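The values are calculated or read from the model by the stated rules, or taken from the named source; none is laboratory data. Please read all numbers here as calculations on a predicted model, not as lab measurements. Cβ sites come from the backbone with ideal geometry, for glycine too, and all protein chains shown count toward neighbours. The area values use the complete protein model at the heavy-atom level, side chains included, leaving out ligands, DNA and RNA. Shrake-Rupley method; radii C 1.70, N 1.55, O 1.52, S 1.80 Å.
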Amino acid sequence: AKQTGKNKLITFHPLPTQQRFASQIQMENDLRKAITENQLLLYYQPRLELSTGQISCLEALVRWNHPLHGMIAPADFIPLAEESGLILPLGEWVLREACLQKARWLAENKLDYQVAVNISPCQFQDEDFADKAIHIIQQTGINPSYLEFEITESSIMQNMEKTIAVLDKLCSKGISISIDDFGIGYSSLNYLKEFPIHCLKIDRSFVKNIQNNSNDWAITNAIIHLGHALNIQVVAEGVEDVGQLDILKETTCTTIQGFLLSPPISAYEIEQTFYMNDNRPVMIS
Ligand code: C2E
Ligand code: MG
Ligand code: MG
Ligand code: MG
């Protein structure tokens, strides 16, 4: 399960994660250690602007490189982190590391992209979330406007007044907000007019069958036009092939993310792949 040289796709350990740990407690203890002992790492997945063929944003996605069990996917440890409360220190680590990587790229005059960081509902509900986040960003010295927070519909629907206060605070510092996995949560469209939201990321389940399912096409098309009308950016997630891309272009989609462009890759691989050619990925030119 190690990453080999130029091989872009990270391969996770084949055994189910639960079976690799003697118990839930063991896994929780290991995860606690992982946060302080540098076993976590961030991969980055680019977002592409179709009009310019340029990358606009890199989404940070956490991985756990366990010393014995190899690489573990976030789906296998984020739920445990949420249950155990470890999501708070983990989330702080992710935000700090994403800011530090952005600072390195800025210092080297490389890669002038925004960085998107996923925020779990538990983190978002934390009383001090906004203050802590702003503090971390300030410690790293980067301009908050380089950052986007990806939150889910469930994060923002719990307490509208509190949500507005948190989002306003973040936005006043220049941080952008996107709604991740848009369309699959329980939410009202009302919040799109109440909350300062910059971007909707259409859940990849709608994009998957956009070529042969007319309902998926209709929903995707409607979200894209809703975005245009409300002046909110829309990103299609999970774009895997050219057929999907062609249909998305017809629906006037402006921005895509997915394996077609690139899977999540290490910071080093990002530099190797996207620093060249005026930041223009080969597939579009
Ligand atoms: P997400 O934020 O919706 O991220 C997109 C996920 O879809 C990533 O999985 C990515 O590798 C995958 N993906 C991207 N393009 C494609 C595609 O074309 N096809 C397919 N089949 N999949 C694609 P990953 O990295 O395993 O992350 C899974 C989820 O774990 C994320 O979903 C996010 O909810 C959570 N997550 C990851 N990193 C963090 C983190 O640092 N903090 C928090 N709170 N959650 C995280
Ligand atoms: Mg995301
Ligand atoms: Mg998503
Ligand atoms: Mg998702």
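So for region 90-105 (the condition being open to solvent by 10 Å² or more (accessible area, probe 1.4 Å), out of contact with any Leu (no Cβ under 6 Å at 6 or more places or on another chain) and not in a helix (DSSP H, G or I)), does at least one residue qualify?
No: zero hits.
So which of Glu250, Glu194 is out of contact with any strand residue (DSSP E or B) (no Cβ under 8 Å at 6 or more places or on another chain), modelled with pLDDT of 95 or more and surrounded by fewer than 17 Cβ atoms within 10 Å (Cβ to Cβ)?
Glu250
Does region 175-185 contain any residue that is within 16 Å of ligand 3 (Cβ to nearest atom), over 17 Å from Ala236 (Cβ atoms), part of a strand (DSSP E or B) and in contact with an Asp or Glu (Cβ under 8 Å, 6 or more places away or on another chain)?
yes
If Asp181 passes every condition in (1) over 29 Å from Asp112 (Cβ atoms); (2) of a type in the set (Asp, Glu); (3) open to solvent by 20 Å² or more (accessible area, probe 1.4 Å); (4) within 16 Å of ligand 4 (Cβ to nearest atom) but one, which one does it miss?
Evaluating Asp181 over (1) over 29 Å from Asp112 (Cβ atoms); (2) of a type in the set (Asp, Glu); (3) open to solvent by 20 Å² or more (accessible area, probe 1.4 Å); (4) within 16 Å of ligand 4 (Cβ to nearest atom) leaves (1) as the failure.
Within region 189-197, does at least one residue satisfy the condition of being within 15 Å of ligand 2 (Cβ to nearest atom), in a strand (DSSP E or B) and closer than 26 Å to Glu97 by Cβ?
No, every residue in region 189-197 fails to be within 15 Å of ligand 2 (Cβ to nearest atom), in a strand (DSSP E or B) and closer than 26 Å to Glu97 by Cβ.
Which members of region 165-196 meet the condition of being out of contact with any helix residue (DSSP H, G or I) (no Cβ under 7 Å at 6 or more places or on another chain) and within 16 Å of ligand 1 (Cβ to nearest atom)?
Ser176, Ser178, Asp180, Asp181 - these are the residues of region 165-196 that are out of contact with any helix residue (DSSP H, G or I) (no Cβ under 7 Å at 6 or more places or on another chain) and within 16 Å of ligand 1 (Cβ to nearest atom).
More than 26 Å from Phe259 (Cα to Cα), without any contact (Cβ under 8 Å) to a residue 12 or more places away in the chain and either touching a Phe, Trp or Tyr at 6+ places or on another chain (Cβ under 6 Å) or in a helix (DSSP H, G or I) (or both): is that true of Glu83 in this structure?
Judged against the criteria, Glu83 is a match.
Tell me, which residue of region 128-143 that is without any contact (Cβ under 8 Å) to a residue 40 or more places away in the chain and part of a loop (DSSP other than H, G, I, E, B) is surrounded by the fewest Cβ atoms within 10 Å (Cβ to Cβ)?
Top of the filtered list is Asp128.
When you scan region 111-126, how many residues do you find that are assigned to a loop (DSSP other than H, G, I, E, B) and under 20 Å from Leu41 (Cα atoms)?
4
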